[in-house]
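> Have a look at the structure that comes next, please.
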Amino acid sequence: MKKSLKDISVKNKIVLVRVDFNVPIKDGVISDENRINAALPTIEYLVANDAKIVLFSHLGRIKSEDDKKSKSLEPIAKALQSKIKQPLVFIPETRGKKLEDAIKSLKPKEILIFENTRFEDVINNEVVKNESKNNPELGKYWASLGDVFVNDAFGTAHRAHASNVGIATNIKESCLGFLVEREVEMLTKGVQNPEKPFVAIIGGAKVSDKIAVIDNLLTKADKIIIGGGMAYTFLKAQGHKIGKSLCEEDKLELAKNYLSRSNGKIILPIDSANAEEFADVKPTYSGVDLPDDVMGLDIGPKSVELFESVLKGAKTVAWNGPMGVFEFKNFKNGTEKVCEAIASIKGAFTLIGGGDSAAAAIQMGFQNKFTHISTGGGASLEFMEGKKLPGIECISDK
Ligand code: ADP
Ligand code: MG
């Protein structure tokens, strides 16, 4: 068992907290504050227990100096400030005297947040990936700024970065925050020993990131529904025509391999809602073979019915990845119907992983209808695959 925040003393100590404030943001406007809200219990506990609190997070990817303009944590600091009573100071640096002095002058209950940790990935327009490659100097430096490390960022727990593993391995004491602890508890309960029947639903667009989870699901799950952009790679592997749909050619062999081992477990769409271009236009419908000049942007109505019938009676459901381009009102039907079907199963353990799936469920009003909405996409998938997560492994044991 990993140490919990309640196992350590934080009074008057400088507590370094890795949070996950990697929220969707455009022109300084945050469209989904779920991850900020999810960090509040840990922050509030630290305030109540007289810690000096230093928060930090990554936001997006930083590949050039220019990226820094749109990826500052400043708007997020403002959003956080509106949710807590305690005054919050934002320091637009990731290292240096200004940051060090500000941390030294913190009093108990005060909160400081510093700049996007991935600003350390690019220095003077040179890509150095200090943060993302866990540069040992950087982890050591950040660790030197505090007394205790709390990892409360589940979204990056599957990555060994300077801001989690780097700090944890260079500081005396570390523990999990409440958010990560709850994620581990819920995911363990839900998918490591799932009550049967266990139905997994995989969709979305990141085929290469996600396809490996099916390997483990083939032994664990009773049914694996595949929808969204992911489905077309599988349909093509079966020899169907998929037109201009999303397809990862180099995953076709893997898809064939999974299908051959499936024993009827893998359920694919039987029809498709299509468009000539990637645009929010009125769909045309086809079966599993698509005309050459269209791309599939959602599952069709017959697939919805099929998926609903597979979901009936499930005791555990894990959902990762939307069934279509739900951002387009003409192509959100599949995602909405499947979301509704999962939410209405009585007495089942229902889990959502994946930023877009979670956003879709919340947007469609199903926020409180799931047992657990994970803040981690890749992290929850790797957990389901049975992998150890470096961001959790690096934390001190009880
Ligand atoms: P999550 O964040 O839940 O893990 P992903 O990031 O893998 O999910 O995928 C989400 C994205 O997949 C959404 O932006 C959605 O528009 C897109 N998507 C879903 N179905 C399709 C499709 N058929 N073609 C193209 N994009 C799709
Ligand atoms: Mg996503």
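> Would you mind classifying the chain by shape? Square roots of the alpha carbon gyration tensor eigenvalues, ordered a ≥ b ≥ c; an a/c under 1.5 is rounded, otherwise it is prolate if a/b is larger than b/c and oblate if not.
Prolate, since a/c reaches 1.5 and a/b exceeds b/c.
> In the Gaussian network model of the chain, springs joining C-alpha atoms below 10 Å, which of I342, I113, I171 carries the largest mean-square fluctuation?
I171
> Right, another one. Among 60-66, 147-153, how do they line up from the highest to the lowest mean number of other beta-carbon atoms within 10 Å?
The most tightly packed comes first, giving 147-153, 60-66.
> Right, another one. Would you calculate the separation in nanometres between label points at E65 and K11, each defined as 7 Å from the Cα along the Cα-to-beta-carbon direction?
Those two pseudo-labels are separated by 4.9 nm.
> Roughly what % antiparallel, to the nearest 5, for the DSSP beta bridges in region 183-384?
If I count the DSSP bridges inside region 183-384, around 30 percent turn out antiparallel.
> Select from H372, H240, H161 the residue whose mean-square fluctuation is largest in a Gaussian network model of the chain (Cα-Cα springs shorter than 10 Å).
Of the options given, H240 has the highest mean-square fluctuation.
> Name all residues of region 361-398 having a backbone nitrogen under 14 Å from the label point set 7 Å from the Cα of K189 along its Cα→Cβ direction, giving them as ranges.
Those under the cut-off are 370-374.
> Pop a pseudo-label 7 angstrom from the Cα along the beta-carbon direction at both E308 and T169 and give the gap in nm to one decimal.
Once both label points are built, they end up 5.2 nm from each other.
> About the Cα centre of region 183-384, how large is the charge dipole given +1 on each Lys and Arg Cβ and -1 on each Asp and Glu Cβ? Please answer in debye to the nearest 20.
740 debye
> A further question follows. Which value, in debye to the nearest 20, describes the size of the charge dipole of region 15-86 about its Cα centre when Lys and Arg Cβ atoms bear +1, Asp and Glu Cβ atoms bear -1, and nothing else is charged?
With only Lys, Arg, Asp and Glu charged at Cβ, the dipole is about 80 debye.
> Taking a quarter of the surface of the Cα convex hull of region 85-159, what do you get in nm²? Walk me through the numbers on the way to the answer.
Working: hull surface 24.2 nm².
It is 6.1 nm².
> Quick one: work out the % antiparallel among DSSP beta bridges in the chain, nearest 5.
25 percent
> Roughly what % of DSSP beta bridges within region 1-121 run antiparallel, to the nearest 5?
Bridges in region 1-121 that DSSP calls antiparallel: roughly 15 percent.
> At 222 nm, what value in deg cm²/dmol follows for the chain if DSSP H runs of at least 4 each add -39500 (n - 2.57) and the sum is divided by all its residues, to the nearest 500?
When only DSSP H runs of four or more count, the value is -8500 deg cm²/dmol.
> Can you bin every Cα-Cα distance in region 166-280 into 5 Å intervals starting at zero and give me the percent of pairs per bin, rounded to whole numbers?
2, 10, 17, 18, 14, 11, 9, 9, 5, 3, 1, 0
> Moving on to the next point. Counting only the backbone N, which residues of region 285-316 are under 20 Å from the spot 7 Å out from the Cα of T371 toward its beta-carbon?
It comes to 308-316, nothing else.
> A further question follows. Tell me, what is the Rg over Rh of region 177-234, with Rh the Kirkwood radius over Cα pairs? Each step should come with its number before you reach the end.
Details: Rg = 13.1 Å, Rh = 12.6 Å.
Radius of gyration over Kirkwood radius for region 177-234 works out to 1.04.
> Please work out the Cα convex hull volume for region 5-176 and give it in Å³ per residue.
102 Å³
> Between D280 and K109, how high is the FRET efficiency from 1/(1 + (r/R0)^6) when r is the Cβ-Cβ distance and R₀ = 41 Å? Nearest 0.05.
Working: r = 48 Å, r/R0 = 1.17.
According to the calculation, E is roughly 0.30.
> Pull up the cross-link candidates among the aspartates and glutamates for K223, meaning alpha carbon to alpha carbon under 15 Å and not fewer than 8 places away within one chain.
Correct list for K223: E195, D215, E308.
> Place +1 on the Cβ of every Lys and Arg and -1 on the Cβ of every Asp and Glu in region 249-398, take the dipole about the Cα centre, and give the residue among I270, A359, S374 whose Cα lies farthest towards its positive end.
S374
> With a sphere of radius 14 Å drawn around the Cβ of A160, what net charge do the other residues whose Cβ falls strictly inside it have (Lys, Arg +1; Asp, Glu -1)?
Local charge sum for A160: +3.
> Can you sort M323, M364, M384, M295 so the residue with the fewest Cβ neighbours within 10 Å comes first?
By the 10 Å Cβ count, ascending, the order reads M364, M295, M384, M323.
> Could you give the radius of gyration (one decimal) and Dmax (whole number) of the Cα atoms in region 128-234, in Å?
So, for region 128-234, Rg and Dmax equal 18.0, 50 Å respectively.
> Just to be sure I understand: if I project the alpha-carbon convex hull of region 183-384 onto a plane and average over all orientations, what area do I get in nm²?
Dividing the Cα hull surface by four gives the mean projection, 9.7 nm².
> So, one more: Give me the one-decimal nm value for the distance between modelled label points at V89 and Y45, 7 Å along each residue's Cα-to-Cβ direction.
Using points 7 Å along Cα→Cβ, the separation is 2.6 nm.
> Counting Lys and Arg as +1 and Asp and Glu as -1, each charge on the Cβ, what is the dipole of the chain about the Cα centre in debye, to the nearest 20?
Computed charge dipole of the chain: roughly 1140 debye.
Every number in this text was worked out from the coordinates using simple rules, so none of it is lab data. Note that this is a predicted model, so its numbers are computed, not measured. So basically every Cβ, Gly included, is an ideal-geometry build from the backbone, and we count neighbours across all protein chains shown.
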